[in-house]
Amino acid sequence: MTERILVVGAGVIGAAIAFQLAQGRADVTLVDAATPASGASGRSFGWINASFSLDVHHFGLRVAAMAAHHRLGTDLGDAPTTWPGTLAWDEAGEAQDRTFARLTEAGYPVRRLSRSEFRRMEPAIATPPEIALHYPTEGVTDLASLTHRLIAGAGRHGARILLGLPVTGILTHGGRVSGLQTAEGPLPADRVVLAAGTGTLELLAPLGLGLPMLHRPAIILKTQPLPPLLSHILVTPAMEIRQEADGRLLAPTSPNHQADDSTAFSAPPEDLADQSIRHIAELLPQAAPRWQEALRAFRPVPGDGLPVMGEAVEGLYLAVMHSGATLAALAGELAAKEILDGKDEPLLAPYRPGRFG
Ligand SMILES: Cc1cc2nc3c(=O)[nH]c(=O)nc-3n(C[C@H](O)[C@H](O)[C@H](O)COP(=O)(O)OP(=O)(O)OC[C@H]3O[C@@H](n4cnc5c(N)ncnc54)[C@H](O)[C@@H]3O)c2cc1C
């Protein structure tokens, strides 16, 4: 008999898992308290990369995740993902040399750009760096739109979606998960996938399961639409920035946002937005940028910064992670394989929920 699987969370992770499970002919229902991409997935910078990683396994996971995005692009046909490459000069001198050596040794595509090469590639930047690193294979995705397309794709394979329905608990029977308690009553299932981002811990706690989550507030800023100015993802000492297809510049207000470990906003959101606009104006003086949207968000970061994927108790699969833009396509593939085939995927071995005890 086909297993009934409930996936909690219509962010990009839940959507990617539902898409792959539905393609594998599982009976899937996606449940969300709000609407698709209303959490972190609707407020993401969307950078797909492996130039940032926390350790050697994490690097390998991110490289595999980039390849999975290419497969997903082919599967979906209309993925909002492009591969413009990154120019980074957040580091200089020895720190930059170390990054270059580490990535070169790992076989990651990276080259050093001189100022004149940089100027040819990004002529609008007022003060080009002396040396920048170029990661030509990196990409960006419009994460909200990817989430919607994954859900539509899952729907074409028979998945259903229940929106505006808060999950209030996880039901168990005989030591195994048997469904969900919702604001409107129980939903029975053979298996539950929890991809509820920052809402995960609250649902796990009544089962006696702990998942340490870090408190990581962030703001993503969008300017008014501007004429074409940038062709790459830029990582400057002050910020990460890119230009969307509609001309708007997009930037998290904290520098080095992937490793940002602030637990609180350092200033009111509008002050942080003004500060970022000043950085953008220095970078692109001809742009006359104004901010139009400053979106407050909370990044779902497990306690050690690394993803959490795998079975927590019988019938309950967890998928919680930061860098979900990079990892979503792979997370969907691997979770669906583990759930449908019952076999452990070696790539996920370091990321099991059991590591927190
Ligand atoms: C500012 C910012 C910049 C980022 N930049 C990048 C980047 O450049 N590259 C990168 O790889 N990653 C980036 N990320 C991280 C990435 O966006 C996240 O890892 C990813 O969006 C997480 O997706 P998710 O589906 O796990 O969570 P979410 O998108 O938060 O989705 C969780 C969903 O679960 C639902 N939910 C929660 N609790 C319940 C409940 N009890 N009942 C029902 N539904 C519930 C919520 O409503 C929500 O829709 C960034 C994040 C932020 C905030």
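Worth pointing out:
- Taken as a whole, region 335-348 holds at least one residue that is within 14 Å of the ligand (Cβ to nearest atom) and of a type in the set (A, V, I, L, M).
- Against the list (1) within 25 Å of L146 (Cα to Cα); (2) assigned by TED's automatic domain parsing to the domain that holds T147; (3) more than 16 Å from the ligand (Cβ to nearest atom), the condition P36 fails is (3).
- Residue match in region 127-137 (condition: within 16 Å of the ligand (Cβ to nearest atom) and surrounded by 14 or more Cβ atoms within 10 Å (Cβ to Cβ)): yes
- The number of residues in region 200-243 being closer than 23 Å to P269 by Cβ and of a type in the set (G, A, S) comes to 2.
- Residues within region 14-40 that are surrounded by 24 or more Cβ atoms within 10 Å (Cβ to Cβ) and farther than 24 Å from E184 by Cβ, tallied: 4
- The listed residue being buried (at least 20 other Cβ atoms within 10 Å of the Cβ) and in a helix (DSSP H, G or I), out of I151, I170, I219: I151
- Taken over region 340-351, the criterion of being surrounded by 16 or more Cβ atoms within 10 Å (Cβ to Cβ) and either touching a strand residue (DSSP E or B) at 6+ places or on another chain (Cβ under 6 Å) or modelled with pLDDT under 95 (or both) is satisfied by L348, Y351.
- Checklist (1) outside any strand (DSSP E or B); (2) touching a residue at least 12 places away in the same chain (Cβ under 8 Å) applied to A205, failing item: (2)
- Qualifying residue in region 89-100 (condition: under 26 Å from S44 (Cβ atoms), aromatic (F, W, Y) and under 20 Å from the mean Cα position of the chain (by Cα)): no
- Number of residues in region 207-227 that are away from the ligand (no atom under 16 Å from the Cβ) and closer than 30 Å to S276 by Cα equals 4.
- Residues of region 177-198 that are assigned to a strand (DSSP E or B) and of a type in the set (S, T, Y): S178, T182.
- Cβ-Cβ distances below 7 Å connect the following pairs, each with a first residue in region 21-48 that is in contact (Cβ under 8 Å) with a residue 60 or more places away in the chain and in a loop (DSSP other than H, G, I, E, B), a second residue that is more than 6 Å from the ligand (Cβ to nearest atom) and charged (D, E, K, R), and a separation of six or more residues or different chains: A26/E3; F45/E240; G46/D142.
- Restricting region 164-194 to residues that are within 9 Å of the ligand (Cβ to nearest atom) and more than 22 Å from V313 (Cβ to Cβ), the residue that is farthest from the chain's Cα centre (by Cα): A183
- Criterion applied to P285, P268, P289 was being surrounded by 15 or more Cβ atoms within 10 Å (Cβ to Cβ) and either more than 22 Å from G324 (Cα to Cα) or within 14 Å of the ligand (Cβ to nearest atom) (or both), and the one residue passing it is P289.
- Single residue of region 292-322 satisfying the filter (small (G, A, S) and within 12 Å of the ligand (Cβ to nearest atom)) that is surrounded by the most Cβ atoms within 10 Å (Cβ to Cβ): A319
The rows are residues; the columns are (1) away from the ligand (no atom under 15 Å from the Cβ); (2) touching a Phe, Trp or Tyr at 6+ places or on another chain (Cβ under 9 Å).
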| residue | (1), (2) |
| --- | --- |
| R4 | yes, no |
| V8 | no, no |
| I17 | no, yes |
| D27 | yes, no |
| G60 | yes, no |
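- Screening G164 with (1) at negative phi; (2) in contact (Cβ under 8 Å) with a residue 12 or more places away in the chain gives one miss only, at (1).
- Set A319, A281, A297, A336: member being in contact (Cβ under 8 Å) with a residue 40 or more places away in the chain and in a helix (DSSP H, G or I): A336
- Matching entry among P227, P237 (being without any contact (Cβ under 8 Å) to a residue 24 or more places away in the chain, of a type outside the set (S, T, N, Q) and assigned to a loop (DSSP other than H, G, I, E, B)): P227
- D78 being part of a loop (DSSP other than H, G, I, E, B) and either small (G, A, S) or buried (at least 16 other Cβ atoms within 10 Å of the Cβ) (or both): no
The values are calculated or read from the model by the stated rules, or taken from the named source; none is laboratory data. For clarity, every value in this text was computed on a predicted model and none was experimentally measured. Neighbour counts run over all protein chains shown; Cβ positions are idealised from the backbone, glycine included.
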